[in-house]
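The values are calculated or read from the model by the stated rules, or taken from the named source; none is laboratory data. What you see is a predicted model; the values in this text were computed from it and never measured. Using ideal geometry, Cβ is built from the backbone for each residue, glycine included, and neighbour counts are taken over all protein chains shown. When the accessible area is computed, the model is the full protein with side chains, heavy atoms only, and any ligands, DNA or RNA have been set aside. Shrake-Rupley method; radii C 1.70, N 1.55, O 1.52, S 1.80 Å.
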Amino acid sequence: MTITGEGSRSASRWWCCTQKAPNHHQLARDSRKRTRHRTTHKRRGSAMKRTKTAATTTTTRSEGTVVPSILELPPTDSCSHTSFNYKFYRYQYLRPVAILYIALAVILANVSAFEPDFVYPLENVTVAKGRDATFTCVVNNLGGYRVSGEATPARVAWIKADAKAILAIHEHVITNNGRLSVTHNDYNTWTLVIRNVKMEDRGVYMCQVNTDPMKMQTAFLEVVIPPDIIYEETSGDMMVPEGGSAKLICKARGYPKPKIVWRREDGREIIARNGTHGKMKATIVEGEMLSLTKVTRSEMGAYMCIASNGVPPSVSKRLKLQVHFHPLIQVPNQLVGAPLGTDVTLICNVEASPKAINYWQRENGEMIISNERYLMNENESSMYAVQMTLVIRKLHKSDMGGYKCISKNSIGDAEGTIRLYEMELQKKTKSAHRVNSVEDTSGNDEINSTPNIDQSDESNKIHKNGRLYKGLQAGEHDLISSSTSDASVRVGPVNLWPLVVGALALALTHSNTPRVRC
């Protein structure tokens with residue numbers, strides 16, 4: 001290294017003091033420090049004056065990098081001053097770094113001093129028996145907190161408050177219950193899981209942090225049970241006589257206690273009689289017991305007992321109520337008429353409970369058996385009502401007479417009677433045919449061809465089949481009208497001479513006078 005210029009003397013003294021070859025990179029850094037230091041003192045109005053070196057030393061490394069000369073060091077008269085100034089400038093450069101480290105230390109100290117805090121409240125849980133329940137506790141600032149007087153950090157514990165039993169600490173389960181487990185997400189969330197929940201698990205659960213003072217939050221675990229019918233304490237199908245009383249009982253278990261309602265399967269109303277209050281009709285009746293008094297046959301049917309407590313599913317049981325009474329027969333038509341050779345149907349309506357045996361008989365006691373001429377059928381219209389039908393095909397004379405529909409059950413029997421008679425078809429009488437034949441042959445072609453007759457003379461004329469009749473007596477007019485209007489009415493002996501004379505006179509009159517067309 002070659003040193004030239006005015007600063008060679010000062011550089012030589014610094015070199016002799018250090019007694020070793022200086023590092024070029026270190027010298028460059030020291031030069032920059034001294035430059036910044038001089039600039040700072042000038043701004044503050046410092047009286048310190050430093051001479052500037054005129055000469056510069058330039059050294060070039062193998063890579064071609066230019067390093068400032070060491071002659072920029074402040075002039076000193078002793079080697080000790082030069083060494084002191086170098087250290088001073090070095091410490092001035094490190095001061096901002098030290099301040100930064102101090103600030104970080106303060107911040108970390110403050111962060112570690114924050115107390116743990118719950119982020120979310122512990123929520124109540126409702127779960128059905130046999131399912132899994134989960135509690136989640138979220139705690140911040142737990143890792144850096146130390147329990148006072150101890151070196152260990154704060155921890156989270158799970159406690160069953162009503163039983164005062166510690167369940168778990170951090171991730172370790174303390175209690176002897178294989179259905180419990182605790183998980184931690186390595187940050188701030190702790191989770192307590194209870195599998196296959198039972199009724200004894202119901203109660204208050206606590207998430208606790210062992211700070212000073214202790215911090216905690218609680219939640220309640222509600223265990224519910226779906227409803228279930230207690231069959232041994234519930235009524236079954238029931239049979240009562242008509243006019244009697246019936247008490248239907250239905251009981252169910254579950255938590256909360258189930259509510260029981262009654263309905264009829266067919267949707268009809270339930271009739272409840274409350275003594276002085278008379279009858280009360282309702283589609284739905286609440287209560288474990290349904291009391292029916294003075295039962296009628298219309299109340300017979302299936303009743304549904306439905307239990308529910310808000311926990312699905314609801315359950316129900318079907319109870320059948322039978323009302324017993326002796327048979328009752330109603331005959332819509334007791335007298336039936338039909339012509340020979342036709343088909344006829346006899347009908348009887350039967351009501352009976354329990355189910356009755358129904359059959360048909362002739363009035364002489366002969367039982368009718370179904371065959372190609374006798375067809376019997378029964379159509380049920382309700383639980384206790386049946387319509388009996390007997391179809392007789394191609395009536396004979398021997399089929400006329402009385403028929404009985406008979407119904408029998410364990411309580412009694414009943415019968416209805418129907419009489420079948422022959423009905424004759426209506427026929428035209430011989431006299432009516434004779435009058436019509438005379439009318440057809442008495443007129444001529446001209447009269448038959450007359451299309452219309454003047455309506456003004458209709459009071460003195462009778463218009464029948466296009467023929468005009470005049471001069472007839474009132475009684476004869478009525479006779480002809482009645483005989484032609486209803487062929488089924490029998491007509492007595494008639495004197496035909498006035499009719500023939502009138503027809504001849506009419507024919508002669510038309511032959512001497514011109515034809516009038518309307």
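Before moving on, here are some points about what is shown:
- Residue match in the range 229-241 (condition: touching a helix residue (DSSP H, G or I) at 6+ places or on another chain (Cβ under 9 Å) and touching a residue at least 12 places away in the same chain (Cβ under 8 Å)): no
- Residue count for the range 328-386, restricted to those that are of a type outside the set (Phe, Trp, Tyr) and either more than 21 Å from Ser398 (Cα to Cα) or part of a strand (DSSP E or B) (or both): 38.
- Qualifying residue in the range 310-332 (condition: among the small types (Gly, Ala, Ser) and open to solvent by less than 30 Å² (accessible area, probe 1.4 Å)): no
- When Lys251 is tested against the conditions (1) of a type outside the set (A, V, I, L, M); (2) open to solvent by 90 Å² or more (accessible area, probe 1.4 Å); (3) touching a helix residue (DSSP H, G or I) at 6+ places or on another chain (Cβ under 7 Å), the lone failure is (2).
- Among the residues making up the range 203-241, those that are β-branched (Val, Ile, Thr), open to solvent by 40 Å² or more (accessible area, probe 1.4 Å) and more than 30 Å from the chain's Cα centre (by Cα) are Val204, Thr218.
- If the condition is being aliphatic (A, V, I, L, M), free of Cβ contacts under 8 Å to residues at least 40 places away in the same chain and either open to solvent by less than 70 Å² (accessible area, probe 1.4 Å) or within 21 Å of Val127 (Cα to Cα) (or both), then the range 163-188 contributes Ala165, Leu167, Ala168, Ile169, Val173, Leu180, Val182.
- Ser381 meets all of the listed conditions (1) open to solvent by 60 Å² or more (accessible area, probe 1.4 Å); (2) under 16 Å from Arg297 (Cα atoms); (3) touching a residue at least 40 places away in the same chain (Cβ under 8 Å) but one, namely (3).
- Residue within the range 104-127 that is closer than 13 Å to Leu192 by Cα, among the hydroxyl-bearing types (Ser, Thr, Tyr), at pLDDT 90 or above and under 47 Å from the mean Cα position of the chain (by Cα) present: no
- Filter result for Lys394 (outside any strand (DSSP E or B) and open to solvent by 30 Å² or more (accessible area, probe 1.4 Å)): yes
- Failed criterion for Val285 (all others in (1) closer than 30 Å to Leu395 by Cβ; (2) open to solvent by less than 60 Å² (accessible area, probe 1.4 Å) hold): (1)
Okay, residues lined up against (1) over 43 Å from the mean Cα position of the chain (by Cα); (2) within 17 Å of Met214 (Cβ to Cβ); (3) modelled with pLDDT of 75 or more:
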| site | (1), (2), (3) |
| --- | --- |
| Tyr89 | yes, no, no |
| Leu94 | yes, no, no |
| Arg131 | no, no, yes |
| Phe135 | no, no, yes |
| Val139 | no, yes, yes |
| Arg146 | yes, yes, no |
| Glu150 | yes, yes, no |
| Ile169 | yes, yes, yes |
| Gly178 | no, no, yes |
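- Residue within the range 189-202 that is outside any loop (DSSP other than H, G, I, E, B), surrounded by fewer than 18 Cβ atoms within 10 Å (Cβ to Cβ) and in contact (Cβ under 8 Å) with a residue 60 or more places away in the chain present: yes
- Filter result for Ile406 (surrounded by 14 or more Cβ atoms within 10 Å (Cβ to Cβ), under 52 Å from the mean Cα position of the chain (by Cα), modelled with pLDDT of 90 or more and part of a loop (DSSP other than H, G, I, E, B)): no
- Glu299 meets the conditions (1) of a type in the set (D, E, K, R); (2) open to solvent by 30 Å² or more (accessible area, probe 1.4 Å); (3) modelled with pLDDT of 90 or more in every case but one. The failed one is (2).
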